[in-house]
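Working notes, beginning with the structure itself.
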Amino acid sequence: CNYKINKVTIYPFGGITETETLINSPLKKDFFVFNGGFIFQLALFFLILVFYKNNLISNSFYNLFIKYNKFIFLFNLIPIIPLDGYLILNNLLNNVLSYYKSLQISFVISIISLCLFLYFYKENYVIIGFLVYNSIIYLKNIKIFYKRFILERYLYDLTFDKIKYFNEINLHKLTRDCFCYFKNDNSYTSEKKLLNKKFDNIRSFW
């Protein structure tokens, strides 16, 4: 998908890939990338299954692999920051809601899921510490994510296939994969004009 990879961090229960891309990248492309881990886990499962059926690996190795493969697969499905399940949830929400609203709702779902995980698996101190730490960092940066989102819409000439119209001027309603128009008196003003006015005023101030 031509995403630049900045860093890959490996943990005992999986890994995190940090990419350099726009928040306003196509949702379909992001969805494919976010499912990459699950696709790899399934491919690896079928590969090991073929080895096992052809007696190329032992029964104990096969059973151990199935145990860990299933754990990693199911663990990453949980919609908790920064797991793949959370990224997929946020991606799906962005298809129907504004970016700002998707950030809020997906974060609340993540916290609820984290609390449930803490309740049922409170003995997993390392994993819990990892999830709590990432949730705190995410919360501190959530406003920055939104500011970066609208700044990208201002700086880049993005192209989208869809157009959305709103009956009030509210930049919190800006939606990914859509070019937005906001009603101003009896006519509609493009998001580009509103963003130009917003950021040009900041530039002139400095």
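The values are calculated or read from the model by the stated rules, or taken from the named source; none is laboratory data. Not measured: the values here are computed from a predicted model. Ideal geometry is used to build each Cβ from the backbone, glycine not excepted, and the neighbour counts take in all protein chains shown. Surface areas here come from the heavy atoms of the whole protein model, side chains and all, with no ligands, DNA or RNA. Shrake-Rupley method; radii C 1.70, N 1.55, O 1.52, S 1.80 Å.
Quick look at the numbers
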{"quantity": "Those residues of segment 26-59 which are free of Cβ contacts under 8 Å to residues at least 12 places away in the same chain and part of a loop (DSSP other than H, G, I, E, B), in sequence order", "calculated": "ASN54, ASN55, LEU56, ILE57, SER58"}
{"quantity": "Residue in segment 114-138 that is farthest from PHE32 (Cα to Cα), counting only those that are of a type outside the set (Val, Ile, Thr) and in contact with a helix residue (DSSP H, G or I) (Cβ under 8 Å, 6 or more places away or on another chain)", "calculated": "LYS122"}
{"quantity": "ILE81 vs. criteria open to solvent by less than 30 Å² (accessible area, probe 1.4 Å) and part of a loop (DSSP other than H, G, I, E, B)", "calculated": "yes"}
{"quantity": "Count of residues meeting criterion [touching a Leu at 6+ places or on another chain (Cβ under 8 Å), at pLDDT below 95 and either hydroxyl-bearing (Ser, Thr, Tyr) or open to solvent by 80 Å² or more (accessible area, probe 1.4 Å) (or both)] in segment 153-175", "calculated": "3"}
{"quantity": "Criterion violated by ALA43 - all others in (1) surrounded by fewer than 17 Cβ atoms within 10 Å (Cβ to Cβ); (2) under 12 Å from the mean Cα position of the chain (by Cα) satisfied", "calculated": "(2)"}
{"quantity": "Every residue from segment 29-39 that is open to solvent by 70 Å² or more (accessible area, probe 1.4 Å) and more than 12 Å from the chain's Cα centre (by Cα)", "calculated": "ILE39"}
{"quantity": "Selected residue (only one of SER135, SER190 is under 20 Å from SER98 (Cα atoms) and among the small types (Gly, Ala, Ser))", "calculated": "SER190"}
{"quantity": "Residues satisfying the stated conditions in segment 106-152, i.e. open to solvent by 50 Å² or more (accessible area, probe 1.4 Å), among the charged types (D, E, K, R) and at pLDDT 90 or above", "calculated": "LYS140, LYS143, LYS147, ARG148"}
{"quantity": "Residue list for segment 3-20, filter: out of contact with any Asp or Glu (no Cβ under 8 Å at 6 or more places or on another chain), part of a loop (DSSP other than H, G, I, E, B) and open to solvent by less than 50 Å² (accessible area, probe 1.4 Å)", "calculated": "PHE13"}
{"quantity": "Count - residues of segment 84-103 that are outside any helix (DSSP H, G or I) and of a type outside the set (A, V, I, L, M, F, W, C)", "calculated": "2"}
{"quantity": "Residue check, SER106 part of a loop (DSSP other than H, G, I, E, B), of a type in the set (Ser, Thr, Tyr) and within 21 Å of the chain's Cα centre (by Cα)", "calculated": "no"}
{"quantity": "So ASN141, is it among the polar types (S, T, N, Q) and free of Cβ contacts under 8 Å to residues at least 12 places away in the same chain", "calculated": "yes"}
{"quantity": "Residue in segment 46-69 that is farthest from the chain's Cα centre (by Cα), counting only those that are open to solvent by 50 Å² or more (accessible area, probe 1.4 Å) and among the hydrophobic types (A, V, I, L, M, F, W, C)", "calculated": "LEU56"}
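Per-residue answers, yes or no, for (1) of a type in the set (S, T, N, Q); (2) modelled with pLDDT under 90:
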| position | (1), (2) |
| --- | --- |
| THR19 | yes, yes |
| LYS28 | no, no |
| GLY37 | no, yes |
| VAL50 | no, no |
| SER58 | yes, no |
| LEU64 | no, no |
| LYS67 | no, no |
| LYS70 | no, no |
